[in-house]
Every structure is written in structure tokens, then in C-alpha cells.
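A short write-up of the structure that comes next.
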Amino acid sequence: MRNIFSIFNKMVILLIASSFVLLSTDAVLSKTFKKRKLVYTSFMSDKTLGAQADIAMWNYVKEKTGGAITVDWRFNGSLNSKSEQQSTVIETGIADMGQWSAAYDPAKFPLGGIAQPLFITDKPDLTSRAGYYIWDNHPEWKEEMTKNNLWLLTSYGVGPVQVAGRTDVIQRKEDIMGKKYRATAFLGEAWAGLGGVPINVAGSEIYTAFSQGTVEGVILALQHLDLFKIHENATFVLGGTGFGIYSNSCSVMNLDTWNSLEPEVQKIIMDAREISISHFAKAASAKDQMFYDKFKKAGVKMIKLSSNEKQKLKDTLLPGYWDKIKEKQNKFNPNFGKLMDIYAQKVEEWDSSGVSLYKDPFDN
């Protein structure tokens with residue numbers, strides 16, 4: 001009988017101890033955060049890859065905060081219709097955060113253009129990783145952003161770009177000579193540097209210019225080639241050129257909003273960047289594969305540039321172009337040229353080690 005009581009007492013003690021541990025664990029897991037609804041603004045559709053990645057990111061934050069942090073989504077310019085003013089809307093606190101293209105004001109987001117330079121990467125998720133690496137490890141960029149009351153949340157590169165044409169197929173550097181292609185900004189500079197003739201055509205006129213032969217080709221990401229129905233008149237699309245990422249957009253938060261969040265919430269948001277990268281890379285892979293298949297089905301030749309020809313393009317353009325871009329960045333901050341070299345080194349390191357989650361259909 002004594003043994004029975006002894007065993008019973010031990011079981012009671014064990015049960016109490018276990019209950020204490022469970023209660024303690026539940027207390028940690030059920031930590032309550034201040035309820036916040038953050039206003040998100042974007043001049044773009046919620047169907048864009050960047051928007052979808054942001055939604056996935058904030059769903060993660062909502063889950064990890066037990067529903068305390070939610071988002072009031074304002075897409076399609078419903079809060080402000082002028083895309084170039086999105087930064088101001090966020091800086092002044094009209095919105096807490098939002099999607100914004102760095103191209104509209106590089107002085108406010110000077111390293112936004114690092115996704116664009118030639119031959120750094122064809123993999124858009126690596127531009128995000130490199131941006132985060134610079135942000136986390138080098139205070140110069142953070143200091144520049146905080147001057148404008150902004151805090152970096154995410155960054156996305158749209159691309160990679162492809163060369164689509166309706167006349168002679170381009171497969172070698174020499175084939176570019178004299179070709180009149182719609183190519184603007186850094187792509188226009190690259191095309192001219194390779195012997196081509198860049199033509200500045202407004203986005204609204206791309207389909208007409210291409211279909212009527214005003215230009216022989218266009219240089220755009222696959223999703224934009226599809227947007228302008230280039231497959232209706234193209235004879236080929238050339239991938240693997242190494243021209244890099246077509247454009248860069250990011251999501252930024254009002255700095256006052258960021259500072260008002262609890263440290264634990266800030267950490268959850270920082271952890272959520274990995275969710276955004278993964279979602280973006282996988283969605284971009286699937287979407288580019290869909291467009292690749294659509295073009296191929298339409299009878300367009302889908303060609304990948306050989307590694308030797310890609311190296312010829314790189315040797316022709318990259319050294320001088322890279323120095324020029326660094327010089328431009330140094331006008332914003334004397335340290336930014338150095339940061340661009342670090343950015344390029346990290347991307348090359350990750351690219352060679354297979355870190356990217358993006359699957360380019362031209363590699364099939």
C-alpha cells in the first residue's frame with residue numbers, strides 16, 4: 001500500500017511539474033502584441049510578383065504575431081495615383097509602407113539601381129539578397145534612407161531581360177551591329193555599346209512600333225514581352241544574354257512607423273524577408289516558364305546565348321560600364337561605389353554556389 005501511495009505521489013508531482021512547463025511555454029507562445037493595422041500603398045496591381053511576395057510576407061507576420069499586425073492594402077494607386085509620389089506618401093506617413101520604384105528618385109534610394117547593371121546576375125532573387133546584405137552590414141545605405149524617413153522592407157528585381165526580334169536572328173555579338181531595337185536607360189546604353197541602335201519608344205507605343213517595323217526588336221523581361229503581345233510578330237527571343245534585371249522595385253516603411261513597432265515584431269518582419277524572397281523566386285520561375293511556353297507555342301524560336309558569346313558581351317561592356325555606374329553612385333555618397341563592388345562579389349558568390357531559387361526556362 002505504501003508503494004502505491006509513493007507511486008501516486010510521484011505521479012502527482014510529475015503532473016504538476018509538467019503542467020507548469022506547459023503553462024510557461026503557452027505563456028511565451030501566446031505573447032500578445034499591440035494591435036496595428038498598417039496602411040500599404042502601391043500604384044501597381046496586386047497581381048504583380050512584388051505585390052504577391054509582399055502579401056505572402058505580411059501573411060507570415062500576421063500569423064507569427066497572432067493576428068496583431070494586419071495590413072490595409074491599397075493597390076492600383078487608390079491612395080495616390082502618381083507613381084513617382086509614392087515615396088512622399090510613405091515618408092510623410094499618409095501610408096505606413098508601400099511598393100515603390102527606385103527609378104523615380106535614385107537620390108532617395110540610390111542603391112536601388114544596383115539590380116540593373118549588366119552581367120551581375122540573371123537571377124532576380126539574388127538582387128534581393130544582395131540588397132539585404134548591404135542593408136544589414138553596411139550603415140551607409142541605411143543612413144541615407146533614414147534621412148528621408150524610410151526603412152527598407154523588401155526589394156525585387158523584375159527580369160531577367162530577353163532580346164526579342166522580328167528580323168534577323170541574333171545569336172552573336174556581331175549580329176547586333178546596326179539593329180534598331182527599343183532599348184531605354186541602361187539597356188539603351190548597353191545596346192549602343194554593342195553596336196546596336198537604341199530607339200526610345202514610350203511603353204504605350206511598343207506594340208505599334210514593333211508590329212509596324214518602326215523597331216526591329218525590343219529588350220524586355222518575358223512578362224513585359226507578353227504584356228505587349230510581342231509573340232504576335234516576333235521571330236525569335238534570345239535568353240541568357242546577361243543584360244541583368246530589367247527593373248527594380250522595393251517596399252519601404254515610414255521610419256516613424258518602424259520605430260513604433262515592438263522589437264519582437266521588428267524581428268518577425270526581418271525574418272519574413274526570406275518568405276518574400278522564396279515566394280518571389282518561385283512565382284517568377286513559374287510565370288516565366290508560362291510565358292516561355294506561350295511564345296514557343298506561337299512559333300517563336302526560343303534561343304539561349306552561348307556562354308562564349310555572353311562572355312564577349314561582358315568583356316566589351318562591363319569594365320567601363322561598371323566604373324560609370326560606381327561614379328554615378330558616388331555622387332550620392334562617396335562610399336556607394338565601394339558598396340556596389342561588395343554587392344557584385346556577393347551575387348557572384350551566391351550564383352556560383354547555387355543559392356538562387358529562380359529557375360530560368362532558357363536553361364532547360
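Go through (1) part of a helix (DSSP H, G or I); (2) farther than 19 Å from residue 243 by Cα one by one and return the number of the condition residue 310 breaks.
Among (1) part of a helix (DSSP H, G or I); (2) farther than 19 Å from residue 243 by Cα, the lone unmet condition for residue 310 is (2).
Please verify whether the stretch 345-355 includes one or more residues that are in the same structural domain as residue 236 (by TED's automatic domain parsing), modelled with pLDDT under 95, crowded, with 19+ Cβ neighbours inside 10 Å and not basic (Lys, Arg).
Scanning the stretch 345-355, I find at least one residue that is in the same structural domain as residue 236 (by TED's automatic domain parsing), modelled with pLDDT under 95, crowded, with 19+ Cβ neighbours inside 10 Å and not basic (Lys, Arg), so the answer is yes.
Can you tell me how many residues within the stretch 223-269 are under 21 Å from the mean Cα position of the chain (by Cα), among the hydrophobic types (A, V, I, L, M, F, W, C) and not in a helix (DSSP H, G or I)?
Going through the stretch 223-269 one residue at a time, the tally reaches 5.
Identify the single condition in (1) of a type in the set (A, V, I, L, M); (2) under 23 Å from the mean Cα position of the chain (by Cα); (3) not in a helix (DSSP H, G or I) that residue 302 does not satisfy, given that it satisfies every other one.
Of everything listed in (1) of a type in the set (A, V, I, L, M); (2) under 23 Å from the mean Cα position of the chain (by Cα); (3) not in a helix (DSSP H, G or I), residue 302 misses just condition (2).
Report, by residue number, each residue of the stretch 333-343 that is in contact (Cβ under 8 Å) with a residue 40 or more places away in the chain and more than 22 Å from the chain's Cα centre (by Cα).
Once the filter is applied, which keeps residues that are in contact (Cβ under 8 Å) with a residue 40 or more places away in the chain and more than 22 Å from the chain's Cα centre (by Cα), the stretch 333-343 yields 333, 335.
Considering only residues that are at pLDDT 85 or above, assigned to a loop (DSSP other than H, G, I, E, B) and farther than 26 Å from residue 282 by Cα, which ones fall in the stretch 21-52?
32, 33, 34, 35
Only one of these is modelled with pLDDT under 60 and in a helix (DSSP H, G or I): 55, 4, 90. Name it.
One residue alone meets the criteria, 4.
Report the residue count in the stretch 330-364 for those that are more than 27 Å from residue 240 (Cα to Cα) and not in a loop (DSSP other than H, G, I, E, B).
Of the residues in the stretch 330-364, 5 are more than 27 Å from residue 240 (Cα to Cα) and not in a loop (DSSP other than H, G, I, E, B).
Yes/no per residue for (1) surrounded by 17 or more Cβ atoms within 10 Å (Cβ to Cβ); (2) in contact (Cβ under 8 Å) with a residue 12 or more places away in the chain; (3) not small (Gly, Ala, Ser):
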site: 173; (1), (2), (3): yes, yes, yes
site: 187; (1), (2), (3): yes, yes, yes
site: 191; (1), (2), (3): yes, yes, yes
site: 199; (1), (2), (3): yes, yes, yes
site: 202; (1), (2), (3): no, no, no
site: 209; (1), (2), (3): yes, yes, no
site: 218; (1), (2), (3): yes, yes, yes
site: 231; (1), (2), (3): yes, yes, yes
site: 234; (1), (2), (3): yes, yes, no
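Which ones in the stretch 242-273 are within 12 Å of residue 65 (Cα to Cα) and of a type in the set (Val, Ile, Thr)?
Correct list: 265, 268, 269.
Evaluate the stretch 160-179: report whether one residue or more is of a type in the set (Ser, Thr, Tyr) and part of a helix (DSSP H, G or I).
Scanning the stretch 160-179 turns up no residue that is of a type in the set (Ser, Thr, Tyr) and part of a helix (DSSP H, G or I).
Counting only residues that are of a type in the set (Phe, Trp, Tyr) and outside any strand (DSSP E or B), which one in the stretch 58-73 is farthest from the chain's Cα centre (by Cα)?
60
Condition test on residue 257, is it under 30 Å from residue 177 (Cβ atoms), of a type in the set (Val, Ile, Thr) and surrounded by 15 or more Cβ atoms within 10 Å (Cβ to Cβ)? Full working, then the answer.
Details: under 30 Å from residue 177 (Cβ atoms): no; of a type in the set (Val, Ile, Thr): yes; surrounded by 15 or more Cβ atoms within 10 Å (Cβ to Cβ): yes.
So residue 257 does not fit the description; no.
From (1) touching a Leu at 6+ places or on another chain (Cβ under 8 Å); (2) among the polar types (S, T, N, Q); (3) more than 21 Å from residue 50 (Cβ to Cβ), pick out the condition that doesn't hold for residue 311.
Result: residue 311 fails condition (1) only.
Considering only the stretch 111-124, I want to know if a residue exists there that is at pLDDT below 90, touching a Lys or Arg at 6+ places or on another chain (Cβ under 9 Å) and assigned to a helix (DSSP H, G or I).
Scanning the stretch 111-124, I find at least one residue that is at pLDDT below 90, touching a Lys or Arg at 6+ places or on another chain (Cβ under 9 Å) and assigned to a helix (DSSP H, G or I), so the answer is yes.
Give me the pairs: first residue in the stretch 37-54 and within 18 Å of residue 70 (Cα to Cα), second residue in a loop (DSSP other than H, G, I, E, B) and of a type in the set (A, V, I, L, M), beta-carbon distance under 7 Å, and six or more apart or on different chains, which are they?
39/95; 40/95; 41/79; 41/95; 51/44
The values are calculated or read from the model by the stated rules, or taken from the named source; none is laboratory data. The structure presented is a predicted model; accordingly, all values stated were derived computationally and were not measured. So basically every Cβ, Gly included, is an ideal-geometry build from the backbone, and we count neighbours across all protein chains shown.
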